[in-house]
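Input: a single structure, listed below in structure tokens.
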Amino acid sequence: MVDFRRLEDVDVAGKRVLVRVDFNVPCDDAGNVTDDTRLRAALPTINYLRGHGAITILMSHFGRPDGKRESGASLMKLVRPLSEFLHNEVAFAPDCIGAATKKAVAQLQDRDVLLLENTRFHPGETQTADGAMGFDPAFAKQLSDLGEIFVHDAFSVAHRAQASTSGVAADLPAYAGLAMERELDHLSQALDVPRRPVMGLVGGAKVSSKIDLLENLVNKLDKLAIGGGMANTFLAALGHNVGASLCEHDLKPTALTILENAKQVNCEILLPIDVVVAKQFRAGAAHRVCGLDQVADDEMILDAGPMTVNALADAIDASQTLVWNGPLGAFELTPFDTATVEAAKYAAKRVVQGKLIAVAGGGDTVSALKHAGAADDFTFISTAGGAFLQWMEGKPLPGVEILKKPQIKDRP
Ligand code: AMP
């Protein structure tokens, strides 16, 4: 279990609490928020802080303005929607550091909320003073001078060590916000201390982007199902003709090593046993279901077949925990979404029956599960991309490390 400092461990009443949120929300050209998931995700922590009499100072990045002021990347557009969500006027500081910002902070009363301007308007957020990757501690100090306590509530940036995360945590006592806490508790429940048997389902385009992830998972799971384009590399490595399919032939030895490692640690690997093939990569393309050794040279494997889906359902039945990343086929193109949709629906059904804990995350996975209508029934879906994958790779996340006990400056 990840042991980290939580909000309940600190008295925030009357304190200036600097909260790192992820307000990098999708917006249209006119600056209207098109998906408010990330705004909503921050509400429990903000409401908690207000309810406990704290002064809340929010900081976030938005887009990639590369250390320069860029009007399109201003966070000002979020003041109105955020004020509406909180039923309370949110103040805005046109910079995240400097004398005017300090003055704005000094004027705040208990329960007030102030949103700072985009931290990435300053190069020190993501670069050292010499321009190398990292952050500038002097810039971080200017941020941390604004608060007395730091709360990290943006798991989606936990794989990065930046001024508004690791930099501020070096100066102030740091705690997980409620969204971060929820995320870490669920991820830990899925991989660190899972109810066994625990199964993984990893799909997506390429093995190359998920080698570390697969290597880590075989050591943690009882079963690992591999699907999507990346399964083709494994099938080819085992001597099957994958025709014109997406396949990283140069990674066949890596695939064999992963299979061999899995055998050593008793992790059962499930690969497709039948496939859906087509000659064109487009929605509605003529297609057929076939066995592994019946793929013609001009055909592409675009989805797993029905026998594979049945085998996955059996494996899900035999598991108490499921961790899912990546689609089982080219799910954006019907009917090559079928295996992903069927497997997702089946897993969701087992969760609803109380038989399964299902945790999913990472990029396309969220849209694939939403597309299947299964997202709401999963136990937990992480909207984080890179951070979720790095967690699945078993690598430490800087944004989580800073929250781990003990901390010298604990209890302000
Ligand atoms: P990833 O970002 O690695 O999770 O990959 C997701 C992408 O993999 C999606 O855009 C899918 O369309 C694609 N994909 C999954 N299976 C296949 C396949 N058999 N052939 C080609 N693309 C696939």
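The values are calculated or read from the model by the stated rules, or taken from the named source; none is laboratory data. Because the structure is predicted, anything quoted here is derived from the model rather than measured. Every residue, glycine among them, receives a Cβ derived from its backbone with ideal geometry; neighbour counts consider all protein chains shown. Heads up: the accessible areas ignore ligands, DNA and RNA and are worked out on the full protein's heavy atoms, side chains in. Shrake-Rupley method; radii C 1.70, N 1.55, O 1.52, S 1.80 Å.
Summary table below
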quantity	calculated
Unique residue being buried (at least 24 other Cβ atoms within 10 Å of the Cβ), within 16 Å of the ligand (Cβ to nearest atom) and either among the basic types (Lys, Arg) or at pLDDT below 95 (or both) when the list is Val202, Val207	Val207
Residues located in the range 234-291, provided they are open to solvent by less than 30 Å² (accessible area, probe 1.4 Å), among the aliphatic types (A, V, I, L, M) and in a strand (DSSP E or B)	Val275, Val276, Val277, Ala278
Subset of the range 220-238 (residues that are within 12 Å of the ligand (Cβ to nearest atom) and among the aliphatic types (A, V, I, L, M))	Ile226, Met230, Ala231, Leu235
Subset of the range 352-371 [surrounded by fewer than 17 Cβ atoms within 10 Å (Cβ to Cβ) and more than 16 Å from the ligand (Cβ to nearest atom)]	Val352, Gln353, Gly354, Lys355
Those residues of the range 386-406 which are closer than 13 Å to Met180 by Cβ, open to solvent by 30 Å² or more (accessible area, probe 1.4 Å) and of a type in the set (A, V, I, L, M), in sequence order	Ile402
Entirely in the range 326-412, the helices (runs of 4 or more DSSP H) that have 2 or more residues that are among the hydrophobic types (A, V, I, L, M, F, W, C), over 30 Å from Glu148 (Cα atoms) and more than 18 Å from the chain's Cα centre (by Cα)	338-352
Qualifying residues in the range 158-177 (those that are under 21 Å from Leu389 (Cα atoms) and either open to solvent by 10 Å² or more (accessible area, probe 1.4 Å) or of a type in the set (D, E, K, R) (or both)) - the one nearest to the ligand (Cβ to nearest atom)	His159
Residue that is within 29 Å of Asp192 (Cα to Cα), open to solvent by 40 Å² or more (accessible area, probe 1.4 Å) and either of a type outside the set (A, V, I, L, M, F, W, C) or in a helix (DSSP H, G or I) (or both), where the choices are Arg80, Arg64, Arg38, Arg69	Arg38
Answer residue from the range 317-337, given it is touching a strand residue (DSSP E or B) at 6+ places or on another chain (Cβ under 6 Å) and farther than 18 Å from Met392 by Cβ and is surrounded by the fewest Cβ atoms within 10 Å (Cβ to Cβ) among those	Ala330
Filter result for the condition that a residue is surrounded by 19 or more Cβ atoms within 10 Å (Cβ to Cβ), among the acidic types (Asp, Glu) and within 16 Å of the ligand (Cβ to nearest atom), over Asp212, Asp303	Asp303
Selected residue (only one of Val275, Val265 is under 21 Å from Trp324 (Cα atoms), more than 10 Å from the ligand (Cβ to nearest atom) and modelled with pLDDT of 95 or more)	Val265
